[in-house]
Amino acid sequence: MTDRTPLDPSSPDALRRRVRVVGIGSGGPDQITVEAIAALRESAYAVAAVKGAEDPLVDLRRQLLARHAPGVELVGVADPERDRSSSSTSSHVGYRGVVLDWHEARSLAWERVLADRPGDVAVPVWGDPAFYDSTLRIVDRILARGRLDFHVEVVPGISALQVLAARHRLVLHEIGGTVTVTTGRRLAEVVAGGADNVVVMLNADLPLDGLLDWHIWWGGNLGDEGECLVSGRVRDVLSDLRAHRERLRAEHSWVMDVYLLRRPG
Ligand SMILES: C[S@@+](CC[C@H](N)C(=O)[O-])C[C@H]1O[C@@H](n2cnc3c(N)ncnc32)[C@H](O)[C@@H]1O
């Protein structure tokens, strides 16, 4: 088991190298916590996966470091290609297999960087590391190989779903109720299972044609200068949402959106 508890300065672990997985909030540089800033500043360098020749989300991390932890270098690690073909990923089993292969390739690339560069490392993670982020799994893979030794700590961050709730002034569930957090890929299955209050992340598109009577609270590029908010009945706003996604992608070179769906009545 990986020990991810904060270090007691008097424990033997205090002498071990630290890898800190640091939630940095989900957009604006003001969403980072004081604890996260301290963790970044105490690190010898930071590491981030770089997707493609230009990765706007890596640029945002660089700006964040320049502002809150100047002098801490962000080392970019080229992200291995992931198989996105529908033949491999259309089933949940196929999708999971593809993701696990990709984690293995990514963890080998990160291990090389950690082996070459000594010192405490920060991994700035978008939002909070607990939601749809593979960093902890990748770090665990590196430890499991046994070639490197380090202590892992997690610093929580503000997740996109919290920013969504704040911007729309929402409690995500009814009194004493339940909220389900899922992905666009699994939305239909979750709704068929009876969920009536669903936060949806990781959206390749908006699979809402069967949910036209539901209410939606949607947020795109939250925290960023292009932040966009829409709420209403799905049937009334769906075409606007699709247009906003295209516009954000064109104007800001990235689009990420998250939404709460609530069953009518
Ligand atoms: C790989 S997941 C990472 C989530 C992150 N760990 C968190 O706690 O927010 C990325 C997804 O989070 C959501 N997301 C992250 N940042 C966002 C933002 N600034 N605006 C809207 N949605 C965002 C989107 O659903 C996106 O597809």
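Derivation of every value follows stated rules applied to the coordinates shown; laboratory data play no part. What you see is a predicted model; the values in this text were computed from it and never measured. Neighbour counts are summed over all protein chains in view; Cβ atoms, including those assigned to glycine, are modelled from backbone coordinates with ideal geometry.
Here are the numbers:
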quantity	calculated
Neighbour-count ranking [beta-carbon atoms within 10 angstrom, fewest first] of Met256, Met201	Met201, Met256
Cut-off 10 Å between beta-carbons: net charge of the residues surrounding Leu222, Lys and Arg +1, Asp and Glu -1	-2
Kirkwood estimate for segment 12-158, i.e. one over the average of 1/r between Cα atoms, Å	15.9 Å
Relative frequency of Cα-Cα separations exceeding 23 Å in segment 75-231, percent	51 percent
Relative contact order (percent, whole number), segment 124-183, Cα cutoff 8 Å, 6+ residue spacing	32 percent
Among Val19, Leu229, Ala188 - extreme Cα towards positive end, dipole of the chain, charges at beta-carbon	Ala188
For segment 161-262, size of Cβ-based charge dipole, Lys and Arg +1, Asp and Glu -1, in debye	80 debye
Label zone at Ser231 (point 7 Å along Cα-to-Cβ), backbone N below 17 Å, segment 190-215	197-200, 214-215
Cα-centred dipole magnitude for segment 12-158, charges only on beta-carbon of K, R (+1) and D, E (-1), debye, nearest 20	200 debye
Evaluated at q = 0.12, 0.15, 0.20, 0.26 Å⁻¹: base-10 log I(q)/I(0), Debye formula over Cα of segment 85-169	-0.50, -0.72, -1.00, -1.24
Antiparallel %, DSSP beta bridges [both residues in the chain], to 5	45 percent
Fraction of alpha-carbon pairs over 25 Å apart in segment 145-265 - percent	27 percent
Amide H contacts under 5 Å for Tyr45, placed H, 5+ residues apart	Ala122
Exposure proxy ranking, count of Cβ atoms within 10 Å, fewest first, for Trp254, Trp126, Trp218	Trp254, Trp126, Trp218
Asp128, Asp101 arranged by Cβ crowding within 10 Å, fewest neighbours leading	Asp101, Asp128
Rounded to whole Å, sorted largest first: equivalent-ellipsoid semi-axes of the chain, Cα gyration tensor	34, 20, 19
³J(HN,Hα) computed for each position of segment 205-216 - Karplus, 6.51 cos²θ - 1.76 cosθ + 1.60, integer Hz, glycine/proline x	7, 10, x, 10, 4, x, 10, 5, 8, 6, 9, 10
